[in-house]
Ligand code: UD1
Ligand code: CA
């Protein structure tokens, strides 16, 4: 066990976060693809504490469920009706002491770091609303705490505008207390060294000091910050360590701060990827979540957002204007002007421009999902291509097959979804409707405009629909005086110049009626209308 290993990390997440003006609890708002609570738990877990506790109250069940979801080993402590950060820590200590007692009963003694069934050792306390705070900073704080033999070590920083924060009070250089903005004198408000709400306490000191903290302040709350003054007055070693990089300890209280910290986190993430060998053409319009992974020599073009657990392999080019969530792309993949989620794109494949990849899309090596193509639950084999204007839903398309432009995999009968299978090396015509469930065999062809309702065996050609009818001069008769009719007349007159006498006679027979304008019926029609079709 490392010397600095804390007995517990306590994450404070019971507050309502009223300044967010949200139905969602503040700590469940997110930046960089992770909730504020998620960032706090990641940092807290990063110092390898014996126990990691989250204190909840506001929207208790939602917050507790989210915490357990992120980290199944997390302990949940409920804060009671007494408000304040100090009370929150007291409630956490109660839960931790209970757990220590249970462990002592089981083992018949106080385990390492525990004495007589109460928590002993170092306790890190941090707020759940400080998303850029990382494990390295916590480790520095723990190291200073144990190296100096402190009872209390406070993490502070110095900022240009300390408005809203608790100020660090010093006498002759030593920390003697923390005063909240609303309880501070004008002189104290001018102090720019602030409390970051991140501390290491000796558990016994914390327990004792909290016992003597009242609610005598502007908010009528039990302030954790008062522990600092109590410990100092008892003659215990209270010290502060200050972080240079104030971003790391900045808190989110409203949505302006949420966006500001989100932007800063993103700048750091994007910069780290550039330093790791990724080309980012425009960092200002590139957003990368913290859990995304990119390989060397990936190129990100402007306007690209990579979310969730998206992975991009070497030499791939993503963007411009592309949003991917939980997409895995192999090496040498091109993804242009695309929106995608839960898709897997194998090496050398290409997507877009203007594609919509919905969940369950799997594109094989060197395959293509082209322009204005939407896919969902679609397995498209290696080298297979769906180049233009097509919807592929609930389908398998075999290796090397080409799907003609403007086709629809008709997967929905109004009640149920059905699947379509197209075999390997098939060539389907443009404007095909694959009415699922249906199968097109290996090496089969279909003609343009085919509505595939029945299975097509391997190697067969399938065409559908009645033969094409041509009704000569329909436009001249039915749309006289329009630009179309005039254009047709000119073209026909030009043609006529080169026709034989017989052909000319046929033409004029067929064209009879062109001069009979105004509602006269043609032979064989009953209503002057529909039978032309
Ligand atoms: C707190 C500090 C302040 C510090 C600032 C840094 C106190 C009294 N003040 O002020 O010195 O400069 O953080 O960001 O500690 N919480 C609970 N239970 C409660 C109240 C709050 O769990 O009853 C949690 C909140 O969910 C939040 C954290 O404690 O995660 C901080 O609470 P918040 O109300 O934001 O405190 P600040 O006013 O910012
Ligand atoms: Ca705060």
Completion exercise
When the range 110-128 is checked residue by residue, the ones that are at pLDDT 90 or above and away from ligand 2 (no atom under 16 Å from the Cβ) are 118, 119, 120, 121, 122, 123, 124
Completion exercise
Selection over the range 71-109 where residues are more than 11 Å from ligand 1 (Cβ to nearest atom) and part of a helix (DSSP H, G or I) yields a count of 15
Problem - In the range 46-69, residue farthest from residue 325 (Cα to Cα) [restricted to those that are in contact with a helix residue (DSSP H, G or I) (Cβ under 8 Å, 6 or more places away or on another chain) and surrounded by fewer than 18 Cβ atoms within 10 Å (Cβ to Cβ)] - result: 46
Exercise for the section: Note down all Cβ pairs under 6 Å where the first residue falls in the range 68-90 and is in contact (Cβ under 8 Å) with a residue 12 or more places away in the chain, the second is near ligand 1 (Cβ under 10 Å from one of its atoms) and in a helix (DSSP H, G or I), and they're at least six residues apart or on different chains. Expected result: 77/91; 77/92; 79/88; 79/91
Completion exercise
When every residue in the range 395-423 that is surrounded by fewer than 22 Cβ atoms within 10 Å (Cβ to Cβ) and under 28 Å from the mean Cα position of the chain (by Cα) is compared, the one nearest to residue 447 (Cα to Cα) is 396
Exercise for the section: Can you confirm whether the range 216-227 contains a residue that is surrounded by fewer than 18 Cβ atoms within 10 Å (Cβ to Cβ), touching a residue at least 24 places away in the same chain (Cβ under 8 Å) and over 27 Å from residue 91 (Cβ atoms)? Expected result: no
Practice task
Return the residue satisfying two criteria in turn: it lies in the range 138-164 and is within 12 Å of ligand 1 (Cβ to nearest atom) and farther than 23 Å from residue 236 by Cα, and of such residues it is surrounded by the fewest Cβ atoms within 10 Å (Cβ to Cβ).
Solution key: 163
Exercise for the section: Would you mind stating whether residue 264 is assigned to a helix (DSSP H, G or I) and either within 18 Å of residue 138 (Cα to Cα) or touching a helix residue (DSSP H, G or I) at 6+ places or on another chain (Cβ under 6 Å) (or both)? Expected result: yes
Practice task
Need at least 3 residues that are within 16 Å of ligand 2 (Cβ to nearest atom) per element, so show me which strands (runs of 3 or more DSSP E) inside the range 129-248 make the cut, counting only ones lying wholly within it.
Solution key: 152-158, 193-202
Handout entry: Residue in the range 414-423 that is over 26 Å from residue 361 (Cβ atoms) and assigned to a loop (DSSP other than H, G, I, E, B) present
Key = no
Practice task
Evaluate the range 14-30: report whether one residue or more is within 13 Å of ligand 1 (Cβ to nearest atom) and within 21 Å of residue 211 (Cβ to Cβ).
Solution key: yes
Practice task
Please list, ordered by first then second residue, the pairs with beta carbon atoms under 6 Å, 6 or more apart or interchain, first in the range 124-137 and within 10 Å of ligand 1 (Cβ to nearest atom), second part of a loop (DSSP other than H, G, I, E, B).
Solution key: 128/13; 129/251; 129/252; 130/251
Completion exercise
Among (1) without any contact (Cβ under 8 Å) to a residue 40 or more places away in the chain; (2) within 11 Å of ligand 1 (Cβ to nearest atom); (3) out of contact with any strand residue (DSSP E or B) (no Cβ under 6 Å at 6 or more places or on another chain), residue 167 falls short only on (3)
Completion exercise
When every residue in the range 2-39 that is more than 12 Å from ligand 2 (Cβ to nearest atom), part of a helix (DSSP H, G or I) and touching a residue at least 60 places away in the same chain (Cβ under 8 Å) is compared, the one nearest to residue 288 (Cα to Cα) is 39
Fill in the blank from the handout: Screening 256, 278, 270, 252 for residues that are without any contact (Cβ under 8 Å) to a residue 40 or more places away in the chain, over 30 Å from residue 148 (Cα atoms) and within 15 Å of ligand 2 (Cβ to nearest atom) leaves only 256
Exercise for the section: Filter the range 218-233 down to the residues that are more than 20 Å from residue 144 (Cβ to Cβ) and in contact with a helix residue (DSSP H, G or I) (Cβ under 8 Å, 6 or more places away or on another chain), then identify the one that is nearest to ligand 1 (Cβ to nearest atom). Expected result: 223
Practice task
For the range 25-32, indicate whether the set of residues that are at pLDDT below 95 and within 16 Å of residue 129 (Cα to Cα) is non-empty.
Solution key: no
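The values are calculated or read from the model by the stated rules, or taken from the named source; none is laboratory data. These figures come from a predicted structure and were not determined experimentally. Cβ coordinates were reconstructed from backbone atoms using ideal geometry, including for glycine residues, and neighbour counts include every protein chain displayed.
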